[in-house]
Amino acid sequence: MKKITFAVIALTIGFVSMSFINKADSSLTKASNDVLINSNEITNEEVKSIIDNKCYGCHNSESKNTKGKKKLSFDKLDELSIYKQIGKYEGIHETITEGEMPPEKFLAKYPDKALTDKEKEALLSWATTKGEELTK
């Protein structure tokens, strides 16, 4: 419980701090039709495709991977409280940054599930943006 509380506080402070950074310097902007655009033209559909192809198999409420669906279920993400959602998006960001997902054991069996640099960038941008939106 202390870890979760600390993570939520740290995440909130981080997002508040980031709100003071000059938005013009950011390579990520939000278009009026809720499509995310950065230098590589990443859209929500592309992020959805990455999640569907690389993440969803283990991170859904019907998954046989108990640990994966317990840590993160994309099916139930929107049902969580705002604070828990912020924590999940921070967790996604941290996990991708640390290179922990997909796990190496899994990739040994399914090397096609490895995230490319572009996919990592898309997921990182998406997770950051979703977390920022929830703090407003």
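Some points to look at:
- Taking 130, 84, 105 and counting other C-beta atoms within 10 Å, the order from fewest to most: 105, 84, 130
- For the pair residue 118 and residue 71, label points projected 7 Å from Cα toward Cβ lie 2.6 nm apart.
- Electrostatic bookkeeping for residue 69 treats Lys and Arg as +1 and Asp and Glu as -1; over the other residues with beta carbon under 10 Å from its beta carbon, the sum is +3.
- Cross-link check: pairs 54/109; 67/105; 76/136; 64/105 evaluated at a Cα-Cα cut-off of 18 Å; pairs beyond the cut-off: 76/136.
Every number in this text was worked out from the coordinates using simple rules, so none of it is lab data. Quick caveat, the model's predicted, so the values are computed rather than measured. Glycine gets a Cβ as well: all are built from the backbone with ideal geometry, and neighbour counts include every protein chain shown.
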